[in-house]
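One structure below.
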Amino acid sequence: MKQSEPEFWVLEYITITKDPRTGLVVAIGGTEKAANLLQRTGGFLSAPGPRGDYHRLPHGLPVEQQRLKATTASHALLAAGHSVHLDPALNALTNPDSEHDAALRYLAQLAQRASAAQTSSAVAEVLTEIAAPVNGLLPLTREVIVRAWIAASDLQRAAPGKEPEPLARLRDTANSMSQAAHMILHARNHAARAPQPAAPTPPPSTAQPSATRRR
């Protein structure tokens, strides 16, 4: 007896991933029941597509919010018996898939801190992260440039002072980065010493004196 192949309802499979072109987190496939779970548990929105409706998260969500909502929706779908593929980069229960992504998030957080700074000391803290002599972003990046210049010079057997122009410019760039770090630290010290805005004083009380005090 010939055994027949099982039937798979491929369209009922749900894939939650990030579209590389738009950066949106999208959910493709699934039934109306799955669509309801996506909307209720993950905050996904229905959108028309060339091959039917699909679901996506709202524009402008921070990366961590995208991961949290996608993970929450996928677990709700799995608990309801749906077949789900969640992009590992969107799984909030695992570590980020690369140190590169972590570095990008760190830089984005610094930019947000700088934009949200309400005091000069808050600005100084951000500048310290950038230009601190040992662990600052700029000195660490300069160290990478210097090591790359040394490696390239050794590979091309270029004597100091006789490097090809691109390598000489790379060396000059490293020196410029050192000077830039010094200038940023100077600005950081200026911001740290700047007077902070005074805390608002409460308005004077308008309460009437008690009868005993009036007497």
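Out of every Cα-Cα pair in the range 27-148, what percent are more than 23 Å apart? The proportion of pairs with Cα distances above 23 Å equals 50 percent.
Summing charges over neighbours of GLN39, with a neighbour being any other residue whose Cβ is under 12 Å away from its Cβ, gives +2 when K and R count +1 and D and E count -1. A cut-off under 12 angstrom between Cβ atoms defines the neighbours of LEU77, and their net charge, with Lys, Arg +1 and Asp, Glu -1, is +1. Divide the volume of the convex hull around the Cα atoms of the range 127-195 by the residue count and you get 71 Å³ per residue.
Contact order, relative form, for the range 24-77: 42 percent (alpha carbon pairs under 8 Å, 6 or more residues apart, mean separation divided by residue count).
Our summary gives the range 11-113 a relative contact order of 27 percent, counting only alpha carbon pairs under 8 angstrom and 6 or more residues apart. Ligands, DNA and RNA are left out, and with a 1.4 angstrom probe the accessible area of the range 5-126 is 65 Å² per residue. Enumerate the amide H contacts of LEU45 below 5 Å, restricted to partners 5 or more residues apart or on another chain; note that Pro and chain-start residues carry no placed amide H. Sorted by chain and number, the residues that satisfy this are ARG56, LEU57.
Using a 1.4 angstrom probe on heavy atoms only, work out the carbon and sulfur share of the accessible area of the range 71-121 in %. Of the solvent-accessible surface of the range 71-121, carbon and sulfur hold 55 percent.
Computing FRET efficiency as 1/(1 + (r/R0)^6) for GLU99 and VAL134, where r is the C-beta to C-beta distance and R0 is 22 Å, gives about 0.70.
When you restrict to C-alpha pairs under 8 Å that are six or more residues apart and normalise by the size of the range 70-188, the relative contact order lands at 20 percent. Kindly list the residues of the range 72-90 that lie in the label zone of ARG40, defined by a backbone N under 19 Å from the point 7 Å along the Cα-to-C-beta vector. Flagged as within label range: 72-84.
For the range 6-97, trypsin sites (Lys or Arg not before Pro) are listed when DSSP marks them as loop and at most 14 other Cβ atoms sit within 10 Å of their Cβ; the list is ARG21, ARG51. Taking a ≥ b ≥ c as the square roots of the eigenvalues of the Cα gyration tensor, the range 20-99 is classed as oblate, since a/c reaches at least 1.5 and a/b does not exceed b/c. Phi angles of the range 151-156 translate, via the Karplus equation with coefficients 6.51, -1.76, 1.60 and θ = phi - 60°, into HN-Hα couplings of 5, 5, 5, 5, 5, 9 Hz per residue; Gly and Pro are given as x.
The values are calculated or read from the model by the stated rules, or taken from the named source; none is laboratory data. Every value quoted in this text rests on a predicted model; they were computed, and no experiment measured them. Heads up, the Cβs are rebuilt from the backbone with ideal geometry, glycines too, and the neighbour counts pull from every protein chain shown. Heavy atoms of the whole protein, side chains included, go into the accessibility calculation; ligands, DNA and RNA do not. Shrake-Rupley method; radii C 1.70, N 1.55, O 1.52, S 1.80 Å.
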